[in-house]
1. Kindly indicate the residue of the stretch 84-110 that is free of Cβ contacts under 8 Å to residues at least 40 places away in the same chain and closer than 15 Å to residue 155 by Cβ and also surrounded by the most Cβ atoms within 10 Å (Cβ to Cβ) among those meeting that condition.
2. From the list 159, 169, 195, which residue is under 19 Å from residue 305 (Cα atoms), under 16 Å from the mean Cα position of the chain (by Cα) and surrounded by fewer than 16 Cβ atoms within 10 Å (Cβ to Cβ)?
3. If I go through the stretch 71-83 residue by residue, how many of them are within 16 Å of the chain's Cα centre (by Cα) and under 23 Å from residue 302 (Cα atoms)?
4. So which of 221, 305, 241, 281 is modelled with pLDDT of 95 or more and closer than 18 Å to residue 59 by Cβ?
5. Here are some conditions: (1) more than 16 Å from residue 141 (Cα to Cα); (2) outside any loop (DSSP other than H, G, I, E, B); (3) in contact with a helix residue (DSSP H, G or I) (Cβ under 6 Å, 6 or more places away or on another chain). Residue 27 meets all but one. Which one does it not meet?
6. As an exercise: evaluate residue 44 against (1) over 23 Å from residue 307 (Cβ atoms); (2) touching a helix residue (DSSP H, G or I) at 6+ places or on another chain (Cβ under 7 Å) and give the number of the one condition it does not meet.
7. Can you pull out the residues in the stretch 258-273 that are within 22 Å of residue 206 (Cα to Cα) and either free of Cβ contacts under 8 Å to residues at least 60 places away in the same chain or touching a helix residue (DSSP H, G or I) at 6+ places or on another chain (Cβ under 6 Å) (or both)?
8. What do you reckon, is residue 148 in contact with a helix residue (DSSP H, G or I) (Cβ under 6 Å, 6 or more places away or on another chain), crowded, with 16+ Cβ neighbours inside 10 Å, at pLDDT 95 or above and assigned to a helix (DSSP H, G or I)?
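The values are calculated or read from the model by the stated rules, or taken from the named source; none is laboratory data. In this text the structure is predicted, and so the values were computed from the model without any measurement. We place every Cβ from the backbone using ideal geometry, glycine too, and count neighbours over all the protein chains shown.
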């Protein structure tokens, strides 16, 4: 197969990817975890999500990456249906999330790294559970806190092996700490090219030395909680993006919304998926970024990261 990006509807030419949001969730469900007492999830009634996606399509957005992993309600067939109904190309993730959300049936603590990697590779080659829907990225793979538990390390290593063997990029969940450096180290040990690694939620730990350490290692950093995690620091986040562009790291920056709960949707009072167009891009243009810079962040960088150049081994 020539170079391509794998979507839930099949491979597409990388040149057709267009404007892309790299970190979203359309059918998540978090409330079942033992430590949660809320009802955090996307709406069970998919009409709300379909309306949000239709609004997003009208902005000119062509592609959305849904990095909902196994254990928080990944639903390949639902993603394919949403893509068909809205015209948004959807790229699906694979793998397992973090300790509290590892499903018991996965037996993470009883299986080898190779066994877990082989399960992901089977999905990459053949699709998920007879659906024919194949992942186009590995992740999001995360940690519960600012350390990596033994089970989480096992999943990171397996994810790294699957990503390296399958030629896919890998997205991490790294929240409010410098855990991304630990994640990157483990992934590099498993043969993953840092240029294909996206350290998610980098804006939840806004220490420049941390970001610079990741960027100088060649990894990509993603600002994706701009309007729901500490939104009072929205301007500060945009200032950091401007600084990194001026310092020569434009090609390693990504921005998304990480929509993952009903409260994030515009119907329920949230910023909505179109907030990137409504607020983020105007804010960046107001800070001196050019249209070419915006295109690099939302078109060129996702295309480079998501493009699969290598053939998946048989």
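1. 106
2. Going through 159, 169, 195 in turn, the sole match is 195.
3. Adding up the residues that qualify gives 4.
4. Step by step, each of 221, 305, 241, 281 is checked, and only 281 is modelled with pLDDT of 95 or more and closer than 18 Å to residue 59 by Cβ.
5. Going through (1) more than 16 Å from residue 141 (Cα to Cα); (2) outside any loop (DSSP other than H, G, I, E, B); (3) in contact with a helix residue (DSSP H, G or I) (Cβ under 6 Å, 6 or more places away or on another chain) one by one, residue 27 breaks only (2).
6. For residue 44, the failing item is (2).
7. 264, 271
8. No; evaluated as a whole, the condition is false for this residue.
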